[in-house]
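Have a look at the structure below, then the notes.
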Amino acid sequence: INAEYMGLLNSRLILNMSAPEGQAPAAAGGERGADRGGRGGRGGFRQGFGGKGGPRRGGDDKEWTPLTKLGRLVKAKKIKNLEEIYYHALPIKEAPIIDTLLEVNNKKLSDEVMKIVSVQKQTKAGQRTRFKAIIAIGDLDGHVGLGVKLAKEVQLAIKGALVDAKLNFIPVRRGYWGNKIGNVHTVPCKVTGKCGSVRVRLVPAPRGTGIVGAPVSKKLIQFSGIDDCYTSSQGKTRTVENFCKATFQALGYTYGFLSPDFWPVANFIPSPYAKHSGFLETKPENKPRVDRGDRPRGAGRGGRGGRGGRGGRD
């Protein structure tokens, strides 16, 4: 037994002496990992697969690839304004749709961060803090949006709220106070929005009055393109999120009333999906894929099998 033990010690000593200076000898797991895509010298999964510098899927291409039928029509310039979408109540599920249509009509999108608050959740490990961003956007010409997003970092919350605001982009109807002279300048009728305990009422105002209201509601009304308006609010307006949502809801109700202007029978326009059905039937362009070489899927990763298991299982 002593002879076998001494032989084992001598073999380890020879391995240490054969390694170059400043470099530890490779373990048995590292030798096995050499044929598994370079998992590192520990032979386990601690170092990941292939190091930290691998390219991400999809590459660095920032070109928009639409995923919905509406996005395909907008990118192909089959739809050139937002009214075609709102007329048929088509859901907008991609933020670049708004950017593309505004760019086609030479309009700029204005945005402002209304509020950033920190929220906490009690967990077993302590308190988890996240940030909530509330952003209002508008083109100053009859369209406004409001977005809310939670994230671990402020920048991620702002970015997500901006995307959410574009998905909630709605039309705002404008009208006159008194005689119909000049351009539309105020809300067409009295409308009310509610969120939580906050109630916001918008009342038409004469030309030249301006927007009479708090800074929060005033900013949203300005983004919608309304120049003159009276406002009345009730409830806990210090809660900026509820105040913004109530004002946003009131602006959305401006198209909820059937005024005598809309009484005449209108000509029905076919839906863009029916009008461009031939274009939608064609196969969309394939997404860009990363070239992974000629090796088969799963090669170099320890011979993983299908979706389950860590490979090597028959």
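What about ILE181, is it among the β-branched types (Val, Ile, Thr) and exposed (fewer than 12 other Cβ atoms within 10 Å of the Cβ)?
So ILE181 passes the test.
So in the stretch 220-248, with the set limited to residues that are part of a loop (DSSP other than H, G, I, E, B) and free of Cβ contacts under 8 Å to residues at least 40 places away in the same chain, which one is farthest from TRP177 (Cα to Cα)?
Only one residue tops the list, namely ARG238.
Do you know which residues across the stretch 149-206 are of a type in the set (Gly, Ala, Ser) and under 19 Å from GLN222 (Cα atoms)?
ALA165, GLY175, GLY182, GLY193, ALA205
Considering only the stretch 249-260, state which residues are part of a helix (DSSP H, G or I) and surrounded by 10 or more Cβ atoms within 10 Å (Cβ to Cβ).
GLN249, ALA250, LEU251, GLY252, TYR253, THR254, TYR255
Sort out which residues of the stretch 57-93 are within 20 Å of LYS159 (Cα to Cα) and either polar (S, T, N, Q) or at pLDDT 95 or above (or both), and write them in order of number.
THR65, ILE92, LYS93
Being within 16 Å of the chain's Cα centre (by Cα), closer than 15 Å to LYS166 by Cα and surrounded by 12 or more Cβ atoms within 10 Å (Cβ to Cβ) is the filter here; which residues of the stretch 67-92 pass it? Show your work before the answer.
The initial filter retains those residues of the stretch 67-92 that are within 16 Å of the chain's Cα centre (by Cα), namely 67-68, 71, 91-92.
Among the residues that remain, those that are also closer than 15 Å to LYS166 by Cα are: 71, 91-92.
Across the stretch 67-92, the qualifying residues are GLY71, ILE92.
Answer with yes or no whether LYS149 is in contact with a helix residue (DSSP H, G or I) (Cβ under 9 Å, 6 or more places away or on another chain) and in a helix (DSSP H, G or I).
Here the answer is no, as LYS149 does not meet what is asked.
For residues in the stretch 141-162 being open to solvent by 40 Å² or more (accessible area, probe 1.4 Å), closer than 30 Å to VAL104 by Cβ and at pLDDT 95 or above, which is farthest from the chain's Cα centre (by Cα)?
The qualifying residue farthest from the chain's Cα centre (by Cα) is GLN155.
What do you reckon, is ALA165 open to solvent by less than 30 Å² (accessible area, probe 1.4 Å) and outside any loop (DSSP other than H, G, I, E, B)? So that I can check it myself, show each step before the final result.
Working: open to solvent by less than 30 Å² (accessible area, probe 1.4 Å): yes; outside any loop (DSSP other than H, G, I, E, B): yes.
When the stated conditions are applied, ALA165 passes them.
Is it the case that the stretch 178-187 has a residue that's closer than 27 Å to GLU83 by Cβ, at pLDDT 95 or above, in contact with a helix residue (DSSP H, G or I) (Cβ under 9 Å, 6 or more places away or on another chain) and part of a loop (DSSP other than H, G, I, E, B)?
Yes, that holds for at least one residue.
The values are calculated or read from the model by the stated rules, or taken from the named source; none is laboratory data. Owing to the predicted nature of the structure, the values given are computational and were not obtained by experimental measurement. Note: ideal-geometry Cβ built from the backbone for every residue, glycine included; neighbour counts use all protein chains shown. Side chains included, ligands, DNA and RNA excluded: accessible areas come from the protein's heavy atoms. Shrake-Rupley method; radii C 1.70, N 1.55, O 1.52, S 1.80 Å.
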